[in-house]
Amino acid sequence: MEDLLQFLYLMPVGVLKFCAGGTIEMMNPVATALLLSITSSEMLRDIYSALASIAPDLRQRVAQFEGQAGVIVDQQWLRTRGGGQALVVSLTVNRIKGNVYMAVLTDVTRLAEQQEKLYLDRQKFFAIFDHVRDYAIYTITKEGLVEEWNQSLQRYAGWLAADVQGRSMSMFFPSDDPDQPHLDLVLAEAQRIGSIETEGWRLKRDGSRLWANSVITALPDESGTVRGFVVVSRDLTERKRLEDDMKQLATVDPLTGAYNRRKGDALLAVEFSRRKRYGRPFAVLMLDVDHFKAVNDRFGHAVGDAVLIALVQTCRKALRPMDMVMRWGGEEFLIVLPNTGAAAALSTAERLRVAVAATEVAASEAAPIRFTISTGVAVPEGDSQSELLSRSDEALYAAKTGGRNRVMLAP
């Protein structure tokens, strides 16, 4: 019994014994100190009086408890002011047996302050998240499931909490995008090096897309074990559009929409490389609008421009998606046909000649006009890029001198 009393006396929490009427029969020094921080010494004889300012319903809760033994109050945090300082006490009340009750009082002021600080810090971050523009900031679990939703994610892409919480962030990746990242590999790399950056198309709630730059940063716990990640995504759609526009200006003929000569040289070099490495055949068509100067002189340059535009449009309709059309200069165009031999190239050139001859172009104050093309076809025979182009040009010259509106194969 003496050992038990000594143990209770030395406990770091307040422990007191009382009866149903509230009379305190025994308490250790920590309980005394805590109660004196809440009330005056005159109130220390009765637990209900001592805790009246922070637990006014304690007497009622004890009286209403019907069990022979058990928990009446379970670690309830009670706030008061003692000595001019805020005090937070955790109260647990148990019925031991019959008229024997025990209360445990713990000073949790510091813990409460820490939790309040964490809460305020959390609210500050959410306030930032909720009001940033063009950014989405959210957290995901170690497995990539969206954990925290906020207004930034809704403003950024329209997603609501019910849409995303608990679901994999891969839901933001377009399923038809061949360049979409593999989420497991991305998270593994972020965990390995601490952070990883990705960029690509992402889905919005309405099904449209935005070009996003995303930084995924690992969130380790105190032991260094990664428990999740924070994702910061920025909408760079406008920048992507400007970059694409600049790229188009650098590679596309502004009048016809065909590739320009600089881009054509690069694409032709790629086909030469594929032929050398994989043995893949290809062919080129060098074509020219017949009597183009006469069209310009008779109908004006606006109609001449319309003829060139119509030519490219007809080529795109008649050719495969993989075939490439380049404006080589003036009214001269080069077409590259990947995976195509001489016979197939001749057939394609002839089909294209017929399609162009049937194309009509509106001329101001006149009936629609038609035009024709002459085409030189060449396939590489161990020659260089310049030699291949020279052979196709010679074949084009032969088609011109042979009467125009025809196709000639380079020897």
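The values are calculated or read from the model by the stated rules, or taken from the named source; none is laboratory data. Remember, it's a predicted structure, so these values are computed and weren't measured experimentally. Methodologically, a virtual Cβ is constructed for each residue, glycine included, from the backbone with ideal geometry; neighbour enumeration extends over all protein chains shown. Please note that ligands, DNA and RNA were not included when accessible areas were found on the heavy atoms of the full protein model with its side chains. Shrake-Rupley method; radii C 1.70, N 1.55, O 1.52, S 1.80 Å.
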### Query
Quick one: Karplus J couplings for the stretch 332-347, per residue in order, coefficients 6.51, -1.76, 1.60, θ = phi - 60°, nearest Hz, x for Gly and Pro?
9, 10, 10, 10, 9, 10, x, 6, 9, x, 5, 4, 5, 5, 5, 5
### Query
Spin-label point model (7 Å from Cα, Cβ direction): what's the GLN64 to SER390 distance in nm?
10.3
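Give me the extension gain from ARG262 to THR23: residue separation times 0.36 nm, minus the current Cα-Cα distance, reported in nm with one decimal. Could you put the intermediate results ahead of the total?
Values: separation 239, 0.36 × 239 = 86.04 nm, distance 9.75 nm.
This chain segment gains 76.3 nm when fully extended.
SER223 to ARG110: extension gain in nm, 0.36 nm per residue of separation minus the Cα-Cα distance? Kindly include the intermediate steps, with their values, before the conclusion.
Details: separation 113, 0.36 × 113 = 40.68 nm, distance 2.31 nm.
Taking 0.36 nm per residue and subtracting the Cα distance, the gain is 38.4 nm.
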### Message
Spelling out what I want: for every residue of the stretch 373-384, take phi, set θ = phi - 60°, compute 6.51 cos²θ - 1.76 cosθ + 1.60 (Karplus), and round to whole Hz; glycine and proline get x.
### Response
10, 10, 9, x, 10, 8, 10, x, 10, x, 8, 7
## Note on the structure
Placing each pseudo-label 7 Å from Cα in the direction of the beta carbon, ALA86 and ASP244 end up separated by a distance in nanometres of 5.3
### Task
Filter the cross-link list LYS117/LYS142; LYS247/LYS317; LYS240/LYS263; LYS117/LYS240; LYS117/LYS204; LYS124/LYS204 down to pairs whose alpha-carbon distance in this structure exceeds 29 Å.
LYS117/LYS240; LYS117/LYS204
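What value, in deg cm²/dmol to 500, does the helix sum -39500 (n - 2.57) over DSSP H runs of n ≥ 4 give at 222 nm once divided by the residues of the chain? Before the final figure, lay out each step's value.
Details: 14 runs with 167 residues, N = 411.
Value at 222 nm, helices only, nearest 500: -12500 deg cm²/dmol.
Counting only C-alpha contacts under 8 Å and six or more residues apart, can you give the relative contact order of the chain as a whole percent? Could you put the intermediate results ahead of the total?
Working: 713 pairs, mean separation 34.9, N = 411.
About 8 percent, as a whole number.
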## Note on the structure
Cross-link reach from LYS17 to aspartates and glutamates, straight Cα distance under 20 Å and at least 8 residues apart if same chain, gives GLU2, ASP3, GLU25, GLU42, ASP46, ASP57, GLU66, ASP74, ASP107
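Over the chain, with every protein chain in place, what whole percent of the accessible area is carbon and sulfur at 1.4 Å, could you tell me? Provide the component values of the computation, followed by the final result.
On the way: 12090 of 23070 Å².
Carbon with sulfur: 52 percent of the solvent-accessible area.
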## Note on the structure
Taking a probe of 1.4 Å and leaving out DNA, RNA and ligands, the chain shows per residue an accessible area in Å² of 56
### Query
Most fluctuating residue of PHE292, PHE173, PHE65 in a GNM of the chain with Cα springs under 10 Å: which is it?
PHE65
### Task
Straight distance only, please: which lysines reach the Cα of LYS293 with their own Cα at less than 25 Å, same-chain residues fewer than 8 apart left out?
LYS400
### Summary
Ranked by GNM mean-square fluctuation in the chain (Cα springs under 10 Å), the top entry among VAL146, VAL379, VAL89 is VAL89
### Query
Nearest 10 degrees, 0 to 90: what angle lies between the long axis of helix 261-278 and the longest principal axis of the chain (Cα atoms)?
80
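Tell me the net charge near GLU271. Cut-off is 12 Å between Cβ atoms, GLU271 excluded, with +1 for each Lys or Arg and -1 for each Asp or Glu.
Spelling it out: positives minus negatives among the neighbours equals +3.
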### Task
With everything on Cα atoms, drop me the angle between helix 237-251 and the longest principal axis of the chain, reported from 0 to 90° to the nearest 10.
20
